[in-house]
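J.: I'd like to ask you about the structure that follows.
The values are calculated or read from the model by the stated rules, or taken from the named source; none is laboratory data. Source: prediction; values computed, not measured. Positions of Cβ are generated from backbone atoms using ideal geometry, with glycine treated the same way; all protein chains shown enter the neighbour counts.
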Amino acid sequence: MKVYIESDNIISPLGFTTGENFSALLECRSGIKFHKDKKYSQNDFYAAIIDDIALDDHFSEIADPTGYTRFEKLCISSIAGALKQSSVDIESHRTVIILSTTKGNIDYLSETSETLNPKVYLWNTAKFLKEYFKSRNDVLVVSTACISGISALLMGQRLIQSGIYDNAVVCGCDIFSSFVLSGFQSFQAISHSPCRPFDADRSGISLGEGCGTLILTNSKPEKSSINIRISGGAISNDANHISGPSRTGDGLTIAIDKAMGEAVFSPDVIDFISAHGTATPYNDEMEAIAFATSGLLKSSVNSLKGYFGHTLGAAGTIESIVTLESMRQNVVIKSIGYETSGVSQELNVAKSNIQTQLTHCLKTASGFGGGNAAIVFSKVENE
């Protein structure tokens, strides 16, 4: 059974729709800014953070922002934005909502009280979204570190292919918080400037926040002249280290090869790779080795972390949506921050926007705990 993408939405510091975000990317505008905010850190830092007032103004078109958490406002807004373009009935028993996140309402951990706010628990967030959208089914939560977004998309694909559901609303979201920032600072992994994936002068990640929603369906969408489907995908674990990726790239290579195997593709048909590209020395090198091992050195490559920052559980969904829009407009977005190669393999990293025919594209992700994921999207104009 074929699974198609019917609609999508991105919310980030660059905008509240996929169109607004993609326009910013075409102009090479980054959402990463310099911040001096003691609420998050005693030290100055670079990050991509959504303006509170802008978020509330946008959400007020849906409901009164009072009483909703920042995380809830992002999820509701993004899902509503995707549904606005879709024919899918979210209240149908044949539709499932899947939430991809690493931390959820993590900001509630900073509350000073004797008891933990129940909103911190992801199962409570799932219950909230089920009730808000009047879903007939329990909301499923995927929390597998930074591969969560792609993991959720593949879960949605497989649930539809199994015949359990006809549609899946996949929402990936994470918010910026002092907890997350301090965690990466403790690893000395935060870049002292906007991150530079795959570049020789990269010095670590820039964090970000955002939300991306994709609506998957087993019916070929009729509204669009260009349809895109998930043609393959796989997840692996290299079991290397709790926070460090395999130096050999074996785990990601397995995921890529299995994804292309499911799609029944050879490496030479992959036009473009949207890499995880965190700008840490080990991740970028590992990915480069995996791409070389899988025979993908001819494919164009970019990383979107220089625009959105690392959005954790939202990265896989937001960056997949950008990949889809790139395919619709046949353009590879410039990998901002990249000038000179800092990896051992000769990757074809985009130094500028590239106008080219895109038919089959690969999105990858890797994360803490040794997780790796790969998903292949294919354009089906004449199918």
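J.: On the basis of being at positive phi and at pLDDT 95 or above, does GLY163 make the cut?
T.: yes
Quick grid of which residues meet (1) small (Gly, Ala, Ser); (2) outside the structural domain of ILE336 (by TED's automatic domain parsing); (3) in contact (Cβ under 8 Å) with a residue 24 or more places away in the chain:
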position: SER135; (1), (2), (3): yes, yes, yes
position: GLY172; (1), (2), (3): yes, yes, yes
position: VAL180; (1), (2), (3): no, yes, yes
position: GLY183; (1), (2), (3): yes, yes, no
position: ASP201; (1), (2), (3): no, yes, yes
position: GLY204; (1), (2), (3): yes, yes, yes
position: GLY210; (1), (2), (3): yes, yes, yes
position: ILE242; (1), (2), (3): no, no, yes
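J.: Hey, ASP89 hits all of (1) modelled with pLDDT of 95 or more; (2) under 28 Å from THR280 (Cα atoms) but one; which does it fall short on?
T.: (2)
J.: Among the listed residues THR125, THR102, identify the single one that is in contact with a Gly (Cβ under 6 Å, 6 or more places away or on another chain), of a type outside the set (Phe, Trp, Tyr) and assigned to a loop (DSSP other than H, G, I, E, B).
T.: THR102
Residues are listed down the side, and each one gets a yes or a no for (1) outside any helix (DSSP H, G or I); (2) touching an Asp or Glu at 6+ places or on another chain (Cβ under 7 Å); (3) surrounded by 14 or more Cβ atoms within 10 Å (Cβ to Cβ):
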position: SER30; (1), (2), (3): yes, no, yes
position: LYS38; (1), (2), (3): yes, no, no
position: GLU72; (1), (2), (3): no, no, yes
position: SER86; (1), (2), (3): yes, yes, yes
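J.: Just to be sure I understand, how many residues within region 322-340 are of a type outside the set (Val, Ile, Thr), part of a loop (DSSP other than H, G, I, E, B) and in contact (Cβ under 8 Å) with a residue 60 or more places away in the chain?
T.: Count: 5.
J.: Restricting the search to region 56-115, which residues are small (Gly, Ala, Ser) and closer than 16 Å to GLY210 by Cα?
T.: Passing the criteria: SER77, SER78, ALA80, GLY81, ALA82, SER100, GLY104.
J.: Please enumerate the residues belonging to region 207-246 that are in contact with a Phe, Trp or Tyr (Cβ under 7 Å, 6 or more places away or on another chain), surrounded by fewer than 22 Cβ atoms within 10 Å (Cβ to Cβ) and within 18 Å of ALA288 (Cβ to Cβ).
T.: The one that is in contact with a Phe, Trp or Tyr (Cβ under 7 Å, 6 or more places away or on another chain), surrounded by fewer than 22 Cβ atoms within 10 Å (Cβ to Cβ) and within 18 Å of ALA288 (Cβ to Cβ): GLY244.
J.: Also, quick follow-up: Kindly establish whether CYS211 is touching a strand residue (DSSP E or B) at 6+ places or on another chain (Cβ under 7 Å) and over 30 Å from ALA80 (Cα atoms).
T.: When the stated conditions are applied, CYS211 does not pass them.
J.: Restricting region 148-165 to residues that are over 12 Å from SER320 (Cβ atoms) and among the aliphatic types (A, V, I, L, M), which is farthest from the chain's Cα centre (by Cα)?
T.: The selected residue is ILE164.
J.: What's the number of the only condition in (1) under 21 Å from LEU358 (Cβ atoms); (2) touching a strand residue (DSSP E or B) at 6+ places or on another chain (Cβ under 8 Å); (3) exposed (fewer than 15 other Cβ atoms within 10 Å of the Cβ) that SER266 fails to meet?
T.: (2)
J.: Let me ask you something else. Does region 345-357 contain any residue that is over 13 Å from HIS276 (Cβ atoms), at pLDDT below 95 and surrounded by fewer than 24 Cβ atoms within 10 Å (Cβ to Cβ)?
T.: Looking through region 345-357, none of the residues is over 13 Å from HIS276 (Cβ atoms), at pLDDT below 95 and surrounded by fewer than 24 Cβ atoms within 10 Å (Cβ to Cβ).
J.: Between SER246, SER231, which is in contact with a helix residue (DSSP H, G or I) (Cβ under 8 Å, 6 or more places away or on another chain), part of a strand (DSSP E or B) and in contact (Cβ under 8 Å) with a residue 24 or more places away in the chain?
T.: Only one candidate passes the filter, namely SER231.
J.: Here's something else I'd like to know. Name the residues in region 183-227 that are of a type in the set (D, E, K, R) and part of a loop (DSSP other than H, G, I, E, B), would you?
T.: Result: ARG196, ASP201, ARG202, GLU209, LYS220, GLU222, LYS223.
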